[in-house]
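Heads up, the thing below is written out as structure tokens.
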Amino acid sequence: MPEWGIDSVRFSVFTDPNFVVPPTLWRDCVGDEPETSTYQRANATKVEVGPFAEGRLTLQVQPMRVDWVHEPLVSLGQQGVSVLGPFPDAADPLLDLSRRWASSNSFPGTPRIALGLVVSSSTTDRASGYRELANLIEGVPTNPEASDFMYQVNIPRTAHVDIAGLKVNRLSKWGVALIRQFVVAGTAAPTTQVVAPDIHCLRLELDINTNPDFEGLLPRRRVTAIIDDLFDGAKEICEGRINVR
Amino acid sequence: MNEESNSTAIGHSFSDKEPLELTGLRRSAAVLALHILAATTRGTQRCFYREDTAGTQIIEAHSESSTQPRKASPELQARLDAMLEAARRDIIEDGMRNAITDQLPELFLRDFNAIIPGLKALIDNERTPPIVAAELLKELGQIRDATSHNSRRWLLASALNMASPFVRDGAALGLARLADPAAIDYLRSAIAKEPNAEIRADLQLVVDELAEEVR
């Protein structure tokens, strides 16, 4: 299996209609104030951003859902892919925050939760990326001119947490990506300047979530166990323990 | 992700970076952009497109197992605004067609996950005439679509807490049309705090109807 680095981690909670998000949610979960806080009236969405575990944390509160996203900081001219760190350990800060929140009084009643991860692994070029992908998934093109290949599949399973009717979706999206850093300068006639060598990488987007047709709310005391179960679902894919072909 | 870089669809940019001043470059403004592009020589052509690729949208809109946050496309948002504007001019009466009954089902079914925040904002907005908000809610209950069912129930149940009695009544009617007994608990908790006797009676009627369906 490739050595995956984590590009981003997301914890999403679908809320009960009667839940009112406390204005102090960031402080309650992170321990200090966010750097920025904005409210977009047109879509009733609040976005707060601040530093978190050598990266950047975003809290987005919108109708029906609350999302926490942990991403790395990106610096100009940086060599290599920006990642939080190696999978699975680099997911720990957000997982710890999620578990703490789930155990607190500010956690909403929820019918559905999700963990989203984007992981990547450096490769030489597009062709070698496709060759590596062919060891993991089906249908990778062999034509050397092929590009724009993408593979998406959901392999659901019953939740390991014993709750009647609870399932875990393991949605994965595979591809080869090119990362290019460049500066766009000027306003009247903008020009671009590439500031670092191109990087190719295998890219895997994971969306591990509980089933949308689950009836009622998830038992509050079991939510941390469900978070762990979702992360197990991510590991099952990243470590090649399930067949995604 | 800009994987379909040979697509001509409007595409999502990974760049969400703040504008960054680069003093050393003696230029008026500069933006640092980190883009993840498809492994193709034509990837740079699409660096500045802002929205999701059509391909990505199709996949995600129809993927029930995806929980990726979604944003309404500018076109969808514009159509939602146009519908609201037309509804403001319409005479809204029970049983009569209007801009909402004509347009909302199609807009909602195109990408309900993306449109929910905008709809919720419209319903919550004090500048939206209550009769229009109520009509939106009634129509949401009318749409027959299993995929968006839970989302519509969520919108309707949350509207039971609104300040306007018109809107609360619209939500109750929407829930009656949705005919989902899973809404009974929300209706019962709304009855317990409903100050308006007429609406309380309406809510109770809906509870009785839904309870009848369970039997």
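The values are calculated or read from the model by the stated rules, or taken from the named source; none is laboratory data. Just so we're clear, the structure is a prediction, and the values are computed from it rather than from any experiment. Glycine gets a Cβ as well: all are built from the backbone with ideal geometry, and neighbour counts include every protein chain shown.
If you go through the stretch A:146-184 one residue at a time, how many are in a strand (DSSP E or B), farther than 15 Å from A:Ile226 by Cβ and not charged (D, E, K, R)?
Number satisfying all stated conditions: 17.
Would you tally the residues in the stretch A:31-49 being more than 9 Å from chain B (Cβ to nearest Cβ), closer than 24 Å to A:Gly109 by Cα and in contact with a helix residue (DSSP H, G or I) (Cβ under 7 Å, 6 or more places away or on another chain)?
1
Tell me, please, whether a residue that is more than 8 Å from chain B (Cβ to nearest Cβ), closer than 29 Å to A:Glu138 by Cβ, in a helix (DSSP H, G or I) and modelled with pLDDT of 90 or more can be found in the stretch A:217-230.
Scanning the stretch A:217-230, I find at least one residue that is more than 8 Å from chain B (Cβ to nearest Cβ), closer than 29 Å to A:Glu138 by Cβ, in a helix (DSSP H, G or I) and modelled with pLDDT of 90 or more, so the answer is yes.
Restricting to the stretch A:16-53, what's the tally of residues that are of a type in the set (S, T, N, Q) and under 30 Å from B:Ser189 (Cα atoms)? Walk me through how you get there before you give the answer.
Kept after step one, since they are of a type in the set (S, T, N, Q), are these residues of the stretch A:16-53: A:18, A:24, A:36-38, A:40, A:43, A:45.
Filter once more, so that each one left must be under 30 Å from B:Ser189 (Cα atoms): A:18, A:24, A:40, A:43, A:45.
Adding up the residues that qualify gives 5.
Considering only residues that are under 29 Å from A:Phe11 (Cα atoms) and buried (at least 20 other Cβ atoms within 10 Å of the Cβ), look in the stretch A:122-136 and name the one that is farthest from the other protein chains (Cβ to nearest Cβ).
A:Leu133
Please determine, by comparing only the residues of the stretch A:1-23 that are more than 14 Å from chain B (Cβ to nearest Cβ) and in contact (Cβ under 8 Å) with a residue 40 or more places away in the chain, which one is surrounded by the fewest Cβ atoms within 10 Å (Cβ to Cβ). Before the answer, list the steps.
Taking the stretch A:1-23 as the starting set, the residues that turn out to be more than 14 Å from chain B (Cβ to nearest Cβ) are A:1-4, A:6, A:22-23.
Among the residues that remain, those that are also in contact (Cβ under 8 Å) with a residue 40 or more places away in the chain are: A:1-4, A:6, A:22.
Numbers: A:Met1: 12, A:Pro2: 20, A:Glu3: 9, A:Trp4: 25, A:Ile6: 26, A:Pro22: 12.
In this case the residue turns out to be A:Glu3.
Residue-by-condition table, conditions (1) buried (at least 21 other Cβ atoms within 10 Å of the Cβ); (2) away from every other protein chain (no Cβ under 11 Å):
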site: B:Arg89; (1), (2): no, yes
site: B:Glu93; (1), (2): no, yes
site: B:Asp124; (1), (2): no, no
site: B:Glu139; (1), (2): yes, yes
site: B:Pro181; (1), (2): no, no
site: B:Ala201; (1), (2): no, yes
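Kindly provide the set of residues from the stretch A:185-202 that are part of a strand (DSSP E or B) and at the interface with chain B (Cβ under 7 Å from one of its Cβ atoms), ordered by number.
Listed by number, the residues that qualify are A:Ala185, A:His200.
If A:Trp101 satisfies every condition in (1) buried (at least 16 other Cβ atoms within 10 Å of the Cβ); (2) within 14 Å of chain B (Cβ to nearest Cβ) but one, which is the exception?
(2)
Name the pairs whose Cβ atoms lie under 8 Å apart, with the first residue in the stretch A:187-212 and loosely packed, with under 15 Cβ neighbours inside 10 Å, the second in a strand (DSSP E or B) and among the aromatic types (Phe, Trp, Tyr), and 6 or more positions between them or separate chains?
A:Gln193/A:Phe182; A:Val194/A:Phe182
Across the stretch B:177-201, what is the total count of residues that are assigned to a loop (DSSP other than H, G, I, E, B) and without any contact (Cβ under 8 Å) to a residue 12 or more places away in the chain?
Taking the stretch B:177-201 as the starting set, the residues that turn out to be assigned to a loop (DSSP other than H, G, I, E, B) are B:179-180, B:194-196.
Those left that are additionally without any contact (Cβ under 8 Å) to a residue 12 or more places away in the chain: B:195.
Qualifying residue count, the stretch B:177-201: 1.
Has the stretch A:27-45 got any residue that is touching a Ser or Thr at 6+ places or on another chain (Cβ under 8 Å) and assigned to a strand (DSSP E or B)?
Yes; the residues of the stretch A:27-45 include at least one that is touching a Ser or Thr at 6+ places or on another chain (Cβ under 8 Å) and assigned to a strand (DSSP E or B).
For A:Gly139, work out the one condition from (1) of a type in the set (Gly, Ala, Ser); (2) more than 25 Å from A:Pro23 (Cα to Cα); (3) within 13 Å of another protein chain (Cβ to nearest Cβ); (4) assigned to a loop (DSSP other than H, G, I, E, B) it doesn't fulfil.
So A:Gly139 meets the others, but not (3).
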